[in-house]
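To start, the structure itself, in structure tokens.
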Amino acid sequence: VQLQASGGGLVQSGGSLRLSCKIFGRSFSRLGMGWFRQAPGKDREFVSHITWSAGDTYYADSVRGRFAISRDVGQNMVWLDMNSLKPEDTAAYYCAYRTGHVSVFAAGAYDYWGQGTLVTVSS
């Protein structure tokens with residue numbers, strides 16, 4: 001499995017961006033797709049998750065109401081629409097492929113990771 005993330009860039013506070021993640025290949029188990037982010041000097045943190053079959057969504061409290069995750073099963077694509085961006089959203093964003101039956105919020109549930117796409121929000 002390979003993941004290719006794109007869509008990052010520089011945006012002003014209050015602006016919007018759409019991140020994309022293309023999935024190449026598949027494993028025996030694909031439970032869902034997630035987005036994590038890592039700001040400089042900080043740990044990687046959960047942002048959002050969508051289950052592959054039902055499309056159930058999960059969000060971190062810090063982004064709920066501003067970000068929206070979606071997927072297209074046929075195209076093997078996942079998107080993260082980010083609105084009302086804040087400077088504290090600045091980070092490298094990673095898409096990840098979940099195969100583990102553990103919490104969707106835990107990085108350990110994801111076996112495959114994309115290369116990261118940088119989002120910078122200016123104040």
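The values are calculated or read from the model by the stated rules, or taken from the named source; none is laboratory data. What you see is a predicted model; the values in this text were computed from it and never measured. Quick reminder, even Gly has a Cβ in these numbers, built from the backbone with ideal geometry, and neighbours come from all protein chains shown. The protein model used for the area step is the full one, side chains on, heavy atoms only, and it has no ligands, DNA or RNA in it. Shrake-Rupley method; radii C 1.70, N 1.55, O 1.52, S 1.80 Å.
Here are the numbers for the structure shown:
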item	result
Contour excess over end-to-end distance, with Cα ends at Phe105 and Lys22 and 0.36 nm allotted per residue	27.8 nm
Coil-residue trypsin sites (Lys or Arg not before Pro) of region 40-76, DSSP, other Cβ within 10 Å capped at 10	Lys42
Heavy-atom accessible surface of region 1-46: percent carbon and sulfur, 1.4 Å	47 percent
Table column - 3J(HN,Hα) (Hz), region 76-82, Karplus curve with 6.51, -1.76, 1.60, x for Gly and Pro	6, 10, 10, 10, 10, 8, 10
Heavy-atom accessible area per residue - region 1-93, 1.4 Å, Å²	50 Å²
Percent accessible area from carbon and sulfur atoms, region 79-123, protein chains only, probe 1.4 Å	54 percent
